[in-house]
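Working notes, structure below.
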Amino acid sequence: MREIYRDLARDLLQNTLTCLGCGDCCHLEQWGHELWMTHLELYVLISEHGLRRPTPGGTCPYLREKRCDARTGRALGCRVFFCRDPHQQAERLYETYLNRIRELAGETGVDLYYGELLRSLGHVEYRP
Ligand code: SF4
Ligand code: SF4
């Protein structure tokens, strides 16, 4: 997963996507956004940044003072969401890198599960 995220970071540098870092889109319910991810992404997020339970209001619990507190472990959907992306560059990157995660799961014989972030954080059990 680290290799996948590293390659994505390299590809993002080669695109013209901009983010002001305001954190607005991390107020997921307010934004009308469901953040879906594979369980491999969820595992990386929780193992690197701890399990944070969602609170009422539907804001991602990893948001702290308008900044993501989980930058290194954040999911693919976080990395490729750009509210100003008129050419759907980010969507193409998302598909490419989701396929990489699917391939990784296939190579390692892991069944891939998908879940929405807030619901998953509310139910998941994590034992380091
Ligand atoms: S993608 Fe848009 S809403 Fe989200 S942090 Fe960047 S500028 Fe703000
Ligand atoms: S993990 Fe970070 S980038 Fe993703 S929704 Fe939460 S605060 Fe935003």
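The number of residues in the stretch 63-78 that are within 11 Å of ligand 1 (Cβ to nearest atom), out of contact with any strand residue (DSSP E or B) (no Cβ under 9 Å at 6 or more places or on another chain) and under 19 Å from residue 41 (Cα atoms) comes to 2. Can you find a residue in the stretch 44-51 that is surrounded by fewer than 16 Cβ atoms within 10 Å (Cβ to Cβ) and part of a helix (DSSP H, G or I)? Yes: the stretch 44-51 contains one or more residues that are surrounded by fewer than 16 Cβ atoms within 10 Å (Cβ to Cβ) and part of a helix (DSSP H, G or I). Name the single residue that is nearest to the chain's Cα centre (by Cα) among those in the stretch 30-43 being within 14 Å of ligand 1 (Cβ to nearest atom) and part of a helix (DSSP H, G or I). The residue in question is 31.
Whenever a residue of the stretch 7-29 is under 22 Å from residue 95 (Cβ atoms), its partners that are among the small types (Gly, Ala, Ser) and modelled with pLDDT under 95, lying with C-beta atoms within less than 7 angstrom and at least six residues away or across chains, give the pairs 17/90.
Of all the numbered requirements in (1) within 26 Å of residue 123 (Cα to Cα); (2) free of Cβ contacts under 8 Å to residues at least 12 places away in the same chain, residue 91 misses one, and that requirement is (1). Of the residues that make up the stretch 4-13, is at least one of a type outside the set (Ser, Thr, Tyr) and touching a strand residue (DSSP E or B) at 6+ places or on another chain (Cβ under 8 Å)? Within the stretch 4-13, not a single residue is of a type outside the set (Ser, Thr, Tyr) and touching a strand residue (DSSP E or B) at 6+ places or on another chain (Cβ under 8 Å). With the condition kept exactly as written, say whether any residue in the stretch 3-12 is touching a Gly at 6+ places or on another chain (Cβ under 9 Å), more than 11 Å from ligand 1 (Cβ to nearest atom) and not charged (D, E, K, R). Taking every residue of the stretch 3-12 in turn, at least one turns out to be touching a Gly at 6+ places or on another chain (Cβ under 9 Å), more than 11 Å from ligand 1 (Cβ to nearest atom) and not charged (D, E, K, R). Looking at the stretch 53-80, which of the residues that are near ligand 2 (Cβ under 9 Å from one of its atoms), part of a loop (DSSP other than H, G, I, E, B) and not aliphatic (A, V, I, L, M) is farthest from residue 126 (Cα to Cα)? Within the stretch 53-80, the match that is farthest from residue 126 (Cα to Cα) is 59.
The values are calculated or read from the model by the stated rules, or taken from the named source; none is laboratory data. Every value quoted in this text rests on a predicted model; they were computed, and no experiment measured them. Every residue, glycine as well, gets a Cβ built from its backbone with ideal geometry; the counts of neighbours run over all protein chains shown.
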